[in-house]
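J.: Below is a structure I'd like to ask you about.
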Amino acid sequence: MPAIKVDEISKFIGSEVFDDFGRSLGTLIAVESDIDGKVSSIIVKSEDLSLDVIEGERVKVSDDKVTVTPEWKFEILQVIENLDRAYKRRKAIQNITSRNDLPAVVVEPMKRKLEDEIKALKLKADEVKKVVNSRIGEIDDESLKVARAIATIGISYFSGEISERGYTQSMNHLRKLQDSLSEEKRSAE
């Protein structure tokens, strides 16, 4: 993903920032950029009044809004991209070796270096899998809280304790949250 320039994102200062699953992360407060104008990070004020600094690599501007890829998703996408590139390079080295175009003294160090890099990437992939599995557990826990809230609001409504307006508003929020959790879980799996 190409780096975002400060001119592209600065017009969104004061606007809401969303994650890839449509959830609001808070309000864009500031943009930090390098001398070349590439965004190095953004600062977002979350609803609990804390400030979050988010790396510029995870930020996108599209559909007239700012979105941020969750860290677990960004990491796994990077590992997948790097492993794909490494496997393509391995295949290229195998093709070169099979043709005997270059002396082994040139190709063998390249092979060894690439194999070491692939091993390191596989270790990183295992670490990221643990993070993703942990996030899936968190999503499952959050989904149970949403189900409990749906049951609670349903009981309150059907027993006449809250109005139809209150029930409808609450259910709309809960369904939206349920949908975004389901989408995030599918993405993580």
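FYI, it's all coordinate maths here, none of it is from the lab. What you see is a predicted model; the values in this text were computed from it and never measured. Backbone-built Cβ (ideal geometry, glycine too); neighbour counts: all protein chains shown.
J.: With N set to the number of residues, divide the alpha-carbon radius of gyration of segment 132-189 by 2.2 N^0.38 Å and report two decimals.
T.: After normalising by residue count via 2.2 N^0.38 Å, the value is 1.30.
J.: When only C-alpha pairs under 8 Å and at least 6 residues apart count, what is the relative contact order of the chain, in percent?
T.: The normalised contact order for the chain reaches 16 percent.
J.: Now a separate question. Which one, V44, V107, V59, has the greatest fluctuation when you compute a Gaussian network model over the chain with C-alpha springs under 10 angstrom?
T.: In the Gaussian network model the winner is V107.
J.: If you take the beta carbon distance between K11 and E138 as r and set R0 to 45 Å, what does 1/(1 + (r/R0)^6) give as a FRET efficiency, to the nearest 0.05?
T.: Step by step, r from the Cβ atoms, then E = 0.85.
J.: Figure the gain on full extension for S159 and D36 (residue separation times 0.36 nm, minus the Cα-Cα span) and round it to one decimal in nm.
T.: Length gained between S159 and D36: 38.1 nm.
J.: Additional query: Once amide H atoms are built 1.01 Å from N in the peptide plane, which residues 5 or more positions from D20, or in another chain, come under 5 Å H to H?
T.: So D20 has HN proximity to V68.
J.: If you don't mind, another one. Using the structure shown, select from K45/K129; K11/K38; K91/K122; K145/K176; K91/K129; K73/K124 the pairs with a Cα to Cα distance greater than 21 angstrom.
T.: K45/K129; K91/K129
J.: Would you list the P(r) distribution for segment 97-179, with all Cα-Cα distances sorted into 5 Å bins from 0 and each bin expressed as a whole %?
T.: 3, 12, 12, 11, 8, 6, 7, 6, 6, 5, 5, 5, 5, 4, 3, 2, 1
J.: Just for the Cα atoms in the chain, what are the lengths along the principal axes, largest first, rounded to whole Å?
T.: 83, 39, 26
J.: Answer rounded, prolate or oblate for segment 1-103, using the Cα gyration tensor with square roots of eigenvalues a ≥ b ≥ c: rounded when a/c is under 1.5, else prolate when a/b is larger than b/c, else oblate.
T.: Prolate.
J.: Report, to the nearest 10°, how far helix 164-188 tilts away from the longest principal axis of the Cα atoms in the chain, using its own Cα long axis and a range of 0 to 90°.
T.: The answer is roughly 10 degrees.
J.: Select from R58, R112, R135 the residue whose mean-square fluctuation is largest in a Gaussian network model of the chain (Cα-Cα springs shorter than 10 Å).
T.: Maximum fluctuation in the GNM of the chain, among the listed residues, is at R112.
J.: For V53 and S182, compute 0.36 nm times the residue count separating them, minus their Cα-Cα distance, and round to one decimal in nm.
T.: Here the answer is 43.8 nm.
J.: May I pose another question? Please report the Cα spread of segment 66-133 along all three principal axes, rounded to whole Å, starting with the longest.
T.: Extents along the principal axes, in whole Å: 49, 25, 14.
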